[in-house]
Amino acid sequence: MMALAGGLNRKETERLSALLSFPAKSAMGILGLGALTAGALLLHLNLATVGPLYFLSIVLVALHWGFWQATVVSAVAVLCECYFFIPPVYSFDVADEQGYLALIVFEFSALLVSRLSAREQSNARDADAQRRSMGMLYELSRRTLQLDLHQPPGPQLLRLVKEIFAVDAVAIFDSDLDTIDVFGPFPLDANEMARSTCYFEVNQDHDDLDLSRRVLRLGTAPIGALLIGGRLNPLTADAIASMVSITFDRYRSFASETKAAAAHQSEQLRTTVLDGLAHAFKTPLTAIRTASSGLIELGDLKPAHADLAALIDEQAVLLNSMTSRLLQTARLEAGQVSLKKQMIAIADLIEEVAAEQSGKLGDHPLQISISDKSLATRGDRELLAAIVTQFVDNAAKYSTPGSSIKISAQESASEVLIAVHNKGSLIRQQDRERIFERFYRCPETRHQAPGTGIGLSIAKKAAEVHNGHVWVISDEQEGTTFFLSILGSKGEVIDRAHL
Amino acid sequence: MTVPTYKILIVDDEASIRRGLRSTLNGLGFESAEAARGEEALSLVRTSRFDAVLLDLNMPGIGGVETCRRIRRNSPRLPILVISVTDSEDGKVEALDAGADDYITKPFSVKELMARLRAAVRRAQMPEEKQDAVITIGDIELHPTRRLVLKSGQPVHLTPKQFDLLRFLMCHSGRPVPHERLLKFVWGNEYQGELEYLRTFMSQIRKKIEDDPANPKYLLTDAYVGYRFCEA
């Protein structure tokens, strides 16, 4: 309330000073006019000379004091001219129509010129105010560019608006961070007013309260609010609001860029650490395996010793494969794998994987069905083979004992679809995405076969770096099928002319 | 069974690996010597006689590949078996090009290492075959001068390029031959890198000489490195 009273007091004072100056200035103008009349009477000047002198004084009053003062002075001038100079003199009577006409023309011209001069004066004042406000806006834009974007922009912008525009109060609300920064007294609760400005999208200038409310927008979406207490051109308030919005936007882009860079850096660090660890693991692993397999090879061990040596050997192999896979997935995730892209005949790729895996399939017969021998793709052979190998390995581990594993390849639109099917090993709906996450293993099957939970995550990453996709469907009756889809390159089949 | 006493040079910068290898080799009746760096290995090779070298690739100093190249320059018939880590396929190929006879990936099983080592030593001790001699491996017989291949006594029809490839591989039986070397041999420099040609040819040859081309017995794939014809 104090603030409200303060605001009204100032307005009253201004109005009072304007009221006081009007009669004072008018009186001064009338006095000046009296002096001019007295001088003219002493010098015996005639109507033709006095008329322009009166005219000139009215213009001067209009230029310096304003239109209404000039109007008062012009009325007095008409009376003086009528009384002292238009015959019959020393009387307000006018002898003929010419005299009336002269008076009317004089008064009309005086009013017109006064009006024009006053308007000119007011325009000049406006232009000056505009120039000053342009200067301040320029200063604001220059200094917003120098803001520290590592810190929240609200308090910094608040300080700038306060300093540059010398306003009574400023409040900036950031709806994203849900913070409000307030400086100076507001007639109402600034926090509530700022929030309602943003949520109800109110852009308003309250002349009675000397308050401007502006919504801060990014495109069309409201992102905050700006309240300015004090006399400010509405256009200037609009410009300040735009500048604050732009700075908010810059802060957000900078923050997300910084975050992305930090994430990339930490991923790189993780990969470097993993890389180093993986290599550091290889040496002790090699020594352990040399020792364990050496013991077995030397023979002459008691059955229990041989069993223990075999256990050490197996676990060293498992640890090694985990280390290698972990390293591979970390590199794929960090985008550090340089793809050795080449044309690959799908039939050859599948045959090669099948040949390599043939010893590890146990009692599962392998069937291969390829719809078109000329199916081909462009990609990194090693990575694509790793995907199919992983699918086959999974099938061999989890399928119903004795059931067959089917690998098929076919063309689907412009893509090549490779599928590995097996009976059994139902994967629950909620696990079908998650099994491609690193270290995730289905609770039902995790004890069924040894595994690390890394293989399928490698398959997913390897497919992604080829702009491909992997997924699984699983059904009690139909069994489980893993799919890989990648872009086909049938047009570039291998030139068999050299055969 | 009497095992001939071979003398093996172990070159690795990691003491724990040298120790493991030394104990195992000695236990198996081999003699061994050790070097922690390539330079040391070179001076040992110059002063003593070895039957084979086990050479780590990743070592400080001149490194494994350069050591391999220099040993090969001085001792053309000394078997060199390279030991490398899993993810350095390029390093393996480089070592094979520098004259290594075979490679084995860390961590390896001693059983596999012994098999490779014995095969390499045996090959080195065999008298050098004449270019035109008939090569017989399993039930495959190759007659270079007649350009004829027999499988269990039955002639196999091969195109001229298929024949050249098979002969090259059979001449180097038991040893991995990198893709690039095969491509260069059969098509000359211009086709290096066109691996798909080679895969197509190998699959064609397999269909003609293997009983089950999907599970080859003779013409084996050395993943990411090349091909190997199985040993006699």
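The values are calculated or read from the model by the stated rules, or taken from the named source; none is laboratory data. Computed from a prediction, not measured in an experiment: that's the story for all the values here. Neighbour counts are summed over all protein chains in view; Cβ atoms, including those assigned to glycine, are modelled from backbone coordinates with ideal geometry.
Of the residues making up the range B:78-91, at least one is assigned to a helix (DSSP H, G or I), surrounded by 16 or more Cβ atoms within 10 Å (Cβ to Cβ), touching a strand residue (DSSP E or B) at 6+ places or on another chain (Cβ under 6 Å) and at pLDDT below 90.
To keep it simple, each residue is scored yes or no on (1) hydrophobic (A, V, I, L, M, F, W, C); (2) closer than 29 Å to A:ASN320 by Cβ.
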| position | (1), (2) |
| --- | --- |
| B:SER43 | no, no |
| B:ASP56 | no, yes |
| B:PRO60 | no, yes |
| B:ARG70 | no, no |
| B:PRO76 | no, no |
| B:VAL82 | yes, yes |
| B:ASP90 | no, yes |
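Identify all residues within the range A:64-77 that are buried (at least 19 other Cβ atoms within 10 Å of the Cβ) and touching an Asp or Glu at 6+ places or on another chain (Cβ under 8 Å); write none if there are none. Scanning the range A:64-77 gives a single hit, A:SER74.
Screening the candidates B:ILE10, B:ILE71 for the property of being aliphatic (A, V, I, L, M), touching a residue at least 40 places away in the same chain (Cβ under 8 Å) and surrounded by 16 or more Cβ atoms within 10 Å (Cβ to Cβ) yields one hit, B:ILE10.
Of the residues making up the range A:157-180, those that are touching a residue at least 60 places away in the same chain (Cβ under 8 Å), more than 22 Å from the chain's Cα centre (by Cα) and in a strand (DSSP E or B) number 1.
Within the range A:268-288, one or more residues are over 22 Å from A:PRO152 (Cβ atoms), without any contact (Cβ under 8 Å) to a residue 24 or more places away in the chain and in contact with a Gly (Cβ under 6 Å, 6 or more places away or on another chain).
If you check B:GLY64 against the conditions, is it more than 13 Å from chain A (Cβ to nearest Cβ), in contact with a Leu (Cβ under 6 Å, 6 or more places away or on another chain) and closer than 19 Å to B:ALA95 by Cβ? Yes, satisfied.
Of the strands (runs of 3 or more DSSP E) contained entirely in the range B:126-232, those carrying at least 1 residues that are more than 11 Å from chain A (Cβ to nearest Cβ) and at pLDDT 85 or above fall at B:135-137, B:140-143, B:148-151, B:154-156, B:226-229.
Residue by residue, here is whether (1) without any contact (Cβ under 8 Å) to a residue 12 or more places away in the chain; (2) part of a helix (DSSP H, G or I); (3) among the charged types (D, E, K, R) holds:
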residue: A:ASP300; (1), (2), (3): yes, no, yes
residue: A:ALA309; (1), (2), (3): no, yes, no
residue: A:ILE312; (1), (2), (3): no, yes, no
residue: A:GLN315; (1), (2), (3): yes, yes, no
residue: A:ARG325; (1), (2), (3): no, yes, yes
residue: A:THR329; (1), (2), (3): no, yes, no
residue: A:VAL337; (1), (2), (3): no, no, no
residue: A:ILE344; (1), (2), (3): no, no, no
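When A:ILE368 is evaluated against the numbered criteria (1) surrounded by fewer than 17 Cβ atoms within 10 Å (Cβ to Cβ); (2) assigned to a helix (DSSP H, G or I); (3) facing chain B (nearest Cβ under 9 Å), which criterion, by number, is the only one it fails? It fails just one condition, (2).
Condition check for B:ARG146 on (1) surrounded by fewer than 22 Cβ atoms within 10 Å (Cβ to Cβ); (2) within 24 Å of B:HIS179 (Cα to Cα): one failure, at (2).
Does any residue of the range A:284-292 turn out to be of a type outside the set (D, E, K, R), surrounded by 14 or more Cβ atoms within 10 Å (Cβ to Cβ) and away from chain B (no Cβ under 11 Å)? No: the range A:284-292 contains no residue that is of a type outside the set (D, E, K, R), surrounded by 14 or more Cβ atoms within 10 Å (Cβ to Cβ) and away from chain B (no Cβ under 11 Å).
Could you figure out which of (1) loosely packed, with under 15 Cβ neighbours inside 10 Å; (2) touching a strand residue (DSSP E or B) at 6+ places or on another chain (Cβ under 7 Å); (3) among the hydrophobic types (A, V, I, L, M, F, W, C) isn't true of A:LEU417? The single condition A:LEU417 does not satisfy is (1). For the range B:13-31, the set of residues classified as in contact (Cβ under 8 Å) with a residue 60 or more places away in the chain and either more than 9 Å from chain A (Cβ to nearest Cβ) or surrounded by fewer than 21 Cβ atoms within 10 Å (Cβ to Cβ) (or both) consists of B:LEU28 only.
One line per residue, one yes/no per condition, for (1) among the basic types (Lys, Arg); (2) over 22 Å from B:THR221 (Cβ atoms):
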| site | (1), (2) |
| --- | --- |
| B:ASN74 | no, yes |
| B:GLU112 | no, no |
| B:ARG118 | yes, yes |
| B:MET126 | no, yes |
| B:GLY138 | no, no |
| B:HIS143 | no, yes |
| B:ARG146 | yes, yes |
| B:GLN154 | no, yes |
| B:ARG167 | yes, no |
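Taken together, B:LEU9, B:LEU78 contain a single residue that is under 20 Å from the mean Cα position of the chain (by Cα), under 23 Å from A:ARG289 (Cβ atoms) and away from every other protein chain (no Cβ under 14 Å), which is B:LEU9. Against the conditions (1) assigned by TED's automatic domain parsing to the domain that holds B:ILE80; (2) in contact with a strand residue (DSSP E or B) (Cβ under 8 Å, 6 or more places away or on another chain), B:PRO107 satisfies every one except (2).
Taken over the range A:333-348, the criterion of being more than 9 Å from chain B (Cβ to nearest Cβ) and not basic (Lys, Arg) is satisfied by A:GLU333, A:ALA334, A:GLY335, A:GLN336, A:VAL337, A:SER338, A:LEU339, A:ILE346. Confirm whether A:SER57 is assigned by TED's automatic domain parsing to the domain that holds A:ALA24, on the phi < 0 side of the Ramachandran plot and in contact (Cβ under 8 Å) with a residue 40 or more places away in the chain. The answer is no for A:SER57.
In this structure, is A:GLY379 within 13 Å of chain B (Cβ to nearest Cβ) and free of Cβ contacts under 8 Å to residues at least 12 places away in the same chain? Answer is no for this residue. Check the range A:433-452 and report whether any residue there is over 20 Å from A:LEU318 (Cβ atoms), touching a Gly at 6+ places or on another chain (Cβ under 6 Å), of a type outside the set (Phe, Trp, Tyr) and part of a loop (DSSP other than H, G, I, E, B). Within the range A:433-452, none of the residues are over 20 Å from A:LEU318 (Cβ atoms), touching a Gly at 6+ places or on another chain (Cβ under 6 Å), of a type outside the set (Phe, Trp, Tyr) and part of a loop (DSSP other than H, G, I, E, B).
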